[in-house]
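Visitor: One structure, as structure tokens, below. Some questions next.
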Amino acid sequence: MAATPSNAQAISVSPPGSAAAPDAAPSRISWQARLRRWRRTRAAGLVGVAALAAIVLLAIVGPLLIPFDPIKPNPSVITQPPSATHWMGTDQYGRDIFARVAAAGRLDLTVAISVTALALTIGSLIGGVAGYMGGIVDDVAMRFIDVLLAFPAFILALGITAMLGNEARNVVIAVAIAYMPYFVRIVRGEMLSLREAEYAAAAKCVGNPRPRIMGYHLLPNALPPAFVQATLTLGWGILDVAGLSFLGVGIKPPTAEWGVIIGDGAQYINSGQWWISVFPGLAILITVLGFNLAGDWVRESVLRR
């Protein structure tokens, strides 16, 4: 009977902060969990798809409806603020910002799609061969990939672009090389498990050659995670291309490109001409956010299957 009061006393003398800490932690965790849960829901995915649809519509229809040339200067309307005539204002050369943002959307989306398609294709082939063959082929391929992964993607793309020259084709090649290792690792990991599957052994037993087993039976089943990665690479590609152009090693001015437009207007922000850089920045924000939300939705759908 004497043990009961001591136990009660031990419980009652616990530190005052120990009861408040568990109450605060679930509150923080719940908000983080709610944010992650919302990003994985269909509603967030639809928001991302709607944002991408708006940007694609602007890129396709905008240049056809806007009566202003996105490249030709007009000295009579230099640095005019947004108005009924120029919805997003004009830059230091009198070019309409709305026309340039719409024209840049075509270029940036085309470059992002090209980068992703190139990185996905080459990375999937290398990863598939390395994962299926194993041995020395896998070791050599993965050591090369490790060398590429030792550099941040943007820094690697910056170095390759500076070496090849600032043309659209070279920018696509540089950014694709920077993101190719991610697809190699994803497809290789899937291939390592798929090559041990029963249907792979059955295909080998009936006399199928190794290239057919890898390319026809195994590689298609290893690609879904790579397609999920591709949705995220689209957004990363736009950010990197815009960053390279902003630094002067990407797309050449006066080409209408979001990074080029931001770079042209950066020096005018302090003098009050904010619209030159803000509107192309918003276009990048909406596009990348749309790709990320749509990518989260696709990833969640694939993982559930």
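Visitor: Could you check how many residues of region 250-305 are among the hydrophobic types (A, V, I, L, M, F, W, C) and outside any helix (DSSP H, G or I)?
Guide: 4
Visitor: If we keep just the residues of region 200-225 that are among the aliphatic types (A, V, I, L, M) and not in a helix (DSSP H, G or I), which is surrounded by the most Cβ atoms within 10 Å (Cβ to Cβ)? Let's see the steps before the verdict.
Guide: Narrowing region 200-225 to residues among the aliphatic types (A, V, I, L, M): 200-203, 206, 213-214, 218-219, 222-223.
Then keep just the ones that are not in a helix (DSSP H, G or I); that gives 206, 223.
Working: Val206: 6, Leu223: 19.
That would be Leu223.
Visitor: Checking Phe151 against (1) part of a helix (DSSP H, G or I); (2) modelled with pLDDT of 90 or more; (3) of a type in the set (A, V, I, L, M, F, W, C), only one condition comes out false. Which one?
Guide: Evaluating Phe151 over (1) part of a helix (DSSP H, G or I); (2) modelled with pLDDT of 90 or more; (3) of a type in the set (A, V, I, L, M, F, W, C) leaves (1) as the failure.
Visitor: Okay, moving on. With the structure loaded, tell me whether Ala141 is over 19 Å from Arg185 (Cα atoms), aliphatic (A, V, I, L, M) and either part of a helix (DSSP H, G or I) or modelled with pLDDT under 90 (or both) or whether it fails that test.
Guide: Spelling it out, it is not the case that Ala141 is over 19 Å from Arg185 (Cα atoms), aliphatic (A, V, I, L, M) and either part of a helix (DSSP H, G or I) or modelled with pLDDT under 90 (or both).
Visitor: When you check Ser83 against the structure, is it surrounded by fewer than 21 Cβ atoms within 10 Å (Cβ to Cβ) and closer than 21 Å to Asn170 by Cβ, yes or no?
Guide: no
Visitor: Looking at (1) touching a residue at least 60 places away in the same chain (Cβ under 8 Å); (2) in a helix (DSSP H, G or I), which one does Asn166 not meet, given that it meets all the others?
Guide: Only one criterion is unmet by Asn166, namely (2).
Visitor: Confirm whether Ala50 is under 27 Å from Trp236 (Cα atoms) and crowded, with 21+ Cβ neighbours inside 10 Å.
Guide: Working: under 27 Å from Trp236 (Cα atoms): yes; crowded, with 21+ Cβ neighbours inside 10 Å: no.
Considered against the rule, which asks whether it is under 27 Å from Trp236 (Cα atoms) and crowded, with 21+ Cβ neighbours inside 10 Å, Ala50 comes out as no.
Visitor: I've got another one for you. Which one is modelled with the lowest pLDDT among residues in region 246-305 that are more than 14 Å from Met88 (Cβ to Cβ) and touching a Pro at 6+ places or on another chain (Cβ under 7 Å)?
Guide: Within region 246-305, the match that is modelled with the lowest pLDDT is Val302.
Visitor: For region 294-303, state whether one or more residues are closer than 30 Å to Met163 by Cβ and not basic (Lys, Arg).
Guide: Looking through region 294-303, none of the residues is closer than 30 Å to Met163 by Cβ and not basic (Lys, Arg).
Visitor: Against the conditions (1) within 23 Å of Gly159 (Cα to Cα); (2) among the β-branched types (Val, Ile, Thr); (3) surrounded by fewer than 23 Cβ atoms within 10 Å (Cβ to Cβ), where does Val228 fall short? Just the number, please.
Guide: Of the numbered conditions (1) within 23 Å of Gly159 (Cα to Cα); (2) among the β-branched types (Val, Ile, Thr); (3) surrounded by fewer than 23 Cβ atoms within 10 Å (Cβ to Cβ), the odd one out for Val228 is (1).
Visitor: Given the conditions (1) over 25 Å from Ala230 (Cα atoms); (2) of a type outside the set (Lys, Arg); (3) modelled with pLDDT of 90 or more, report the number of the one that Phe68 does not fulfil.
Guide: (3)
The values are calculated or read from the model by the stated rules, or taken from the named source; none is laboratory data. This is a predicted model, so every value here is computed, not measured. All Cβ positions, even for glycine, are placed from backbone atoms using ideal geometry, and neighbour counts span all protein chains on display.
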